[in-house]
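**Student:** This is the structure I have questions about; it appears just below.
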Amino acid sequence: KRGGLIFEIGQQNGLRYTLYLDDIIIYEVDDSYFNKYNLNDVEGEPIITNVPTIYVNTINNQQVPYDKNIYVDGTFNLVDGENPFLNINDLSLRIRARGNSSLWMPKRSYRIKFNKAVDLYGMNKNKDWVLLANHADKSLIRNYLAFELGSKLSNLEYTPQCMFVNFYFNNNYEGLYLLATQIETGTNRVNIEYDYTNDDIDIPFLIEWDNRLTNPNENNGAIEGIDYFVVDWIPFGLKYPDSFNEMTYNQKRYIYNYMNNVHTSILNRKNYDSFIDVDSFIDYFIVQELFKNVDMGFASVFMYKEKGGKLKFGPLWDFDLSIGNADYIDYSPYNWFSQDNSGNPWFNSLMKHPTFKKQFTKRFNEVKNTIIQDLIDSVDIIGRDLYEHASNNFERWKTLGKYDWPNPPKVVAASTYDEQIYYVKNYLIERVKWMDYVLNE
């Protein structure tokens with residue numbers, strides 16, 4: 001490329017890219033400082049990647065408790081060696097543990113909350129962010145791939161934004177992490193908030209299908225009728241509004257009745273399109289089934305409804321135990337996960353409806369050779385670009401070739417990072433072939 005062109009060099013493959021030619025930096029930062037660089041009379045391609053480093057230090061080097069209700073005060077620093085103008089110094093924050101099954105894993109995930117909204121690498125200002133450890137995912141990229149695919153599918157809104165970072169806690173290197181946006185409502189997140197009054201019945205809501213809510217040992221003190229509600233046997237955690245205590249009786253009944261209608265119409269396969277946005281449902285379950293995600297009918301299944309709209313599905317979340325990375329299911333790239341008593345009963349039911357199955361097949365055929373193939377093609381590139389950082393991560397944790405719950409034998413047998421990347425790519429290739437065959441036979 002030559003001659004005064006504007007190149008968009010933002011986030012690709014979860015990384016920051018800097019353009020070099022003959023070891024000389026050739027960009028000029030414009031006044032937006034983030035996305036655009038003027039490149040004059042040059043040729044080449046982005047070949048050097050940069051993973052920033054995040055340092056979180058707590059007061060008196062205090063450790064973060066495993067209790068998810070307890071935050072610890074500290075400071076946040078971000079160092080970008082290639083782009084020092086993006087550095088962030090000494091921001092106050094609070095940090096706490098996060099995760100459910102991953103809560104007790106050696107490499108810990110965290111939720112961080114700044115005192116003021118912060119824009120990190122163009123991912124829109126917010127106070128709340130997460131650092132995903134991906135300890136059980138030895139490729140370190142399953143969550144990233146799911147978010148990347150979701151961001152490309154036009155019927156999925158509000159897919160989390162993310163990027164890879166090296167993380168130090170109290171000056172100790174903790175490994176390669178995924179910095180991601182927190183699932184919550186707001187202008188720069190799930191944008192459905194509405195200044196409703198007591199007279200409004202059709203109020204917007206964000207909920208999570210989470211089977212843990214009915215287990216007192218796992219629900220973090222959640223109370224039915226305040227923090228969650230149950231339709232048939234499915235517990236739905238309320239994310240927005242924050243609590244049923246904030247609603248009138250009629251508003252509570254509206255949300256419950258709406259979700260009951262969703263559930264009943266899907267299982268009966270009648271009039272379901274009056275209650276759900278079918279296009280978002282299809283895109284959502286293309287991702288879930290392509291990745292064969294163990295949680296698609298258990299937890300982290302988010303859905304939302306705007307005022308006056310139908311129920312939509314997303315944001316996507318929690319894919320570290322996908323792509324053949326769970327030994328307690330049929331982890332092969334074959335068979336629907338949602339069948340019989342596994343997976344998601346809603347998807348299982350609608351795939352028995354000829355009209356829905358035709359719509360699902362049509363959409364899959366639209367994206368299999370474009371968006372999905374592009375994702376598969378990117379896996380090797382991501383693995384190459386992360387190799388050095390992943391090597392440091394596994395020098396810290398020494399888990400390659402060893403069992404971490406719930407790694408299946410094939411994941412344990414992949415004893416190098418290159419083999420982990422190959423496993424992920426090959427799994428997706430075989431999964432697409434199988435889905436293509438059964439949908440189009």
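**Student:** For the stretch 333-377, which positions are touching a Phe, Trp or Tyr at 6+ places or on another chain (Cβ under 6 Å) and outside any loop (DSSP other than H, G, I, E, B)?
**Tutor:** Selection gives Phe347, Leu350.
**Student:** Which of (1) closer than 25 Å to Lys152 by Cα; (2) buried (at least 19 other Cβ atoms within 10 Å of the Cβ); (3) among the aromatic types (Phe, Trp, Tyr) is the odd one out, the single condition Tyr331 does not satisfy?
**Tutor:** All conditions pass for Tyr331, except number (1).
**Student:** With in contact (Cβ under 8 Å) with a residue 24 or more places away in the chain and not β-branched (Val, Ile, Thr) as the only criterion, which of Glu224, Glu148 stands out?
**Tutor:** Numbers: Glu224 fails: in contact (Cβ under 8 Å) with a residue 24 or more places away in the chain.
Going through Glu224, Glu148 in turn, the sole match is Glu148.
Every residue, every condition in (1) within 14 Å of Tyr144 (Cα to Cα); (2) of a type in the set (Phe, Trp, Tyr), yes or no:
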residue	(1), (2)
Lys368	no, no
Ile376	yes, no
Ile381	yes, no
Phe394	no, yes
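**Student:** Go through the stretch 236-267 and report how many residues are touching a residue at least 40 places away in the same chain (Cβ under 8 Å) and over 28 Å from the mean Cα position of the chain (by Cα).
**Tutor:** The qualifying residues number 5.
**Student:** Output the residues belonging to the stretch 294-320 that are within 12 Å of the chain's Cα centre (by Cα) and assigned to a loop (DSSP other than H, G, I, E, B).
**Tutor:** Result: Ser300, Gly314, Pro315, Leu316, Trp317, Asp318, Phe319, Asp320.
**Student:** Considering only strands (runs of 3 or more DSSP E) fully contained in the stretch 12-101, which possess at least 3 residues that are out of contact with any Gly (no Cβ under 9 Å at 6 or more places or on another chain) and at pLDDT 95 or above?
**Tutor:** Where strands (runs of 3 or more DSSP E) fall fully within the stretch 12-101 and carry at least 3 residues being out of contact with any Gly (no Cβ under 9 Å at 6 or more places or on another chain) and at pLDDT 95 or above, they are 72-79, 88-97.
**Student:** So which residues in the stretch 218-229 are over 25 Å from the mean Cα position of the chain (by Cα) and part of a loop (DSSP other than H, G, I, E, B), if there are any at all?
**Tutor:** First pass over the stretch 218-229, keeping only residues over 25 Å from the mean Cα position of the chain (by Cα): 223-226.
Scanning the stretch 218-229 gives Ile223, Gly225, Ile226.
**Student:** In addition: Within the stretch 118-131, does at least one residue satisfy the condition of being of a type in the set (A, V, I, L, M), buried (at least 20 other Cβ atoms within 10 Å of the Cβ) and touching a helix residue (DSSP H, G or I) at 6+ places or on another chain (Cβ under 6 Å)?
**Tutor:** No, the stretch 118-131 contains no residue that is of a type in the set (A, V, I, L, M), buried (at least 20 other Cβ atoms within 10 Å of the Cβ) and touching a helix residue (DSSP H, G or I) at 6+ places or on another chain (Cβ under 6 Å).
**Student:** Also: Looking at the stretch 160-183 only, could you name the residues that are among the polar types (S, T, N, Q), assigned to a loop (DSSP other than H, G, I, E, B) and touching a helix residue (DSSP H, G or I) at 6+ places or on another chain (Cβ under 7 Å)?
**Tutor:** Scanning the stretch 160-183 gives a single hit, Asn170.
**Student:** If I ask for residues that are within 15 Å of Val190 (Cα to Cα) and surrounded by 22 or more Cβ atoms within 10 Å (Cβ to Cβ), which ones from the stretch 290-316 would you list?
**Tutor:** Residues satisfying the conditions are Val301, Phe302, Met303, Tyr304, Lys305, Lys312, Phe313, Gly314, Pro315, Leu316.
**Student:** Scan Ile286, Ile323 and give me the residue that is farther than 26 Å from Glu218 by Cα and buried (at least 23 other Cβ atoms within 10 Å of the Cβ).
**Tutor:** Among Ile286, Ile323, only Ile286 is farther than 26 Å from Glu218 by Cα and buried (at least 23 other Cβ atoms within 10 Å of the Cβ).
**Student:** Can you find a residue that is on the phi < 0 side of the Ramachandran plot, in a strand (DSSP E or B), out of contact with any Cys (no Cβ under 8 Å at 6 or more places or on another chain) and surrounded by 16 or more Cβ atoms within 10 Å (Cβ to Cβ) anywhere in the stretch 184-192?
**Tutor:** Yes.
**Student:** What are the residue pairs meeting all of these: first residue in the stretch 87-100, first residue touching a residue at least 40 places away in the same chain (Cβ under 8 Å), second residue surrounded by 20 or more Cβ atoms within 10 Å (Cβ to Cβ) and of a type in the set (Asp, Glu), Cβ atoms under 9 Å, and 6 or more apart or on different chains?
**Tutor:** Asn100/Asp210; Asn100/Asp318
**Student:** Checking Ile201 against (1) hydrophobic (A, V, I, L, M, F, W, C); (2) closer than 19 Å to Lys312 by Cα; (3) within 27 Å of the chain's Cα centre (by Cα); (4) surrounded by fewer than 20 Cβ atoms within 10 Å (Cβ to Cβ), which single condition isn't satisfied?
**Tutor:** Among (1) hydrophobic (A, V, I, L, M, F, W, C); (2) closer than 19 Å to Lys312 by Cα; (3) within 27 Å of the chain's Cα centre (by Cα); (4) surrounded by fewer than 20 Cβ atoms within 10 Å (Cβ to Cβ), Ile201 violates only (3).
**Student:** Still on this structure, I have one more. Look through Asp283, Asp279, Asp202 and report the one residue that is within 30 Å of Val367 (Cα to Cα), touching a residue at least 60 places away in the same chain (Cβ under 8 Å) and in contact with a Gly (Cβ under 9 Å, 6 or more places away or on another chain).
**Tutor:** The conditions single out Asp283.
**Student:** With (1) within 24 Å of Phe319 (Cβ to Cβ); (2) surrounded by fewer than 21 Cβ atoms within 10 Å (Cβ to Cβ) as the list, and Leu91 as the residue in question, which single condition is left unmet?
**Tutor:** (1)
The values are calculated or read from the model by the stated rules, or taken from the named source; none is laboratory data. Here the structure is a predicted model, which is why all the values come from computation and not from measurement. Because the Cβ atoms are built from the backbone with ideal geometry, glycine has one as well, and the counts that use them run over all protein chains shown.
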